[in-house]
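> Quick one: the structure is below, and I'll ask about it shortly.
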Amino acid sequence: MSQNLTDTEISLVRRLQKEYDETAVQLGQVCAQLALLEDSKAKLSKQLVDLHEEERSTAQQLKEKYGEGAIDIKTGVFTPAQ
C-alpha cells in the first residue's frame, strides 16, 4: 500500500537531491580547471627546461669566446677570472 511522505520529508529529499546535483556540477568544474592547470604546468615546465638549456648553451658560447670570468649584466662588461 502506498503512503504519502510528509511535506517536511519531501522538502528534505528535494533539498538533498538539489545539493547533490549542485555539488556534482561544482566537482566537474573543478576537475576541468585542474586539467587546464595541469596542462599549463606541463607547458611552463617545458619552457623552463628549454630556457635552462638555452642559458647553458649561451654560457658555453660566451666562455669559448671570452674565457672564464664574470659578466656584469647591468653594464655588459666581462671581467676575466684571475
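The values are calculated or read from the model by the stated rules, or taken from the named source; none is laboratory data. Predicted, not measured: the structure shown is a model, and the values here were computed from it. Cβ placement follows ideal geometry from the backbone for every residue including glycine, while neighbour counts extend to all protein chains displayed.
> So is Glu55 surrounded by 10 or more Cβ atoms within 10 Å (Cβ to Cβ), assigned to a helix (DSSP H, G or I) and at pLDDT 95 or above or not? Step through it out loud before you land on a result.
Working: surrounded by 10 or more Cβ atoms within 10 Å (Cβ to Cβ): yes; assigned to a helix (DSSP H, G or I): yes; at pLDDT 95 or above: yes.
Yes; evaluated as a whole, the condition is true for this residue.
> Still on this structure, I have one more. Is it the case that the range 18-29 has a residue that's part of a helix (DSSP H, G or I), without any contact (Cβ under 8 Å) to a residue 12 or more places away in the chain and closer than 30 Å to Ala70 by Cβ? Before the answer, list the steps.
Taking the range 18-29 first, the residues part of a helix (DSSP H, G or I) are 18-29.
Filter again for without any contact (Cβ under 8 Å) to a residue 12 or more places away in the chain, leaving 18-29.
Imposing the further condition that a residue be closer than 30 Å to Ala70 by Cβ reduces the set to none.
Looking for residues that are part of a helix (DSSP H, G or I), without any contact (Cβ under 8 Å) to a residue 12 or more places away in the chain and closer than 30 Å to Ala70 by Cβ, one finds none in the range 18-29, hence no.
> Among the residues in the range 55-62, are any among the small types (Gly, Ala, Ser) and in contact with an Asp or Glu (Cβ under 7 Å, 6 or more places away or on another chain)?
First, pick out the residues of the range 55-62 that are among the small types (Gly, Ala, Ser): 57, 59.
Then drop every residue that is not in contact with an Asp or Glu (Cβ under 7 Å, 6 or more places away or on another chain), which leaves none.
No, the conditions are met nowhere in the range 55-62.
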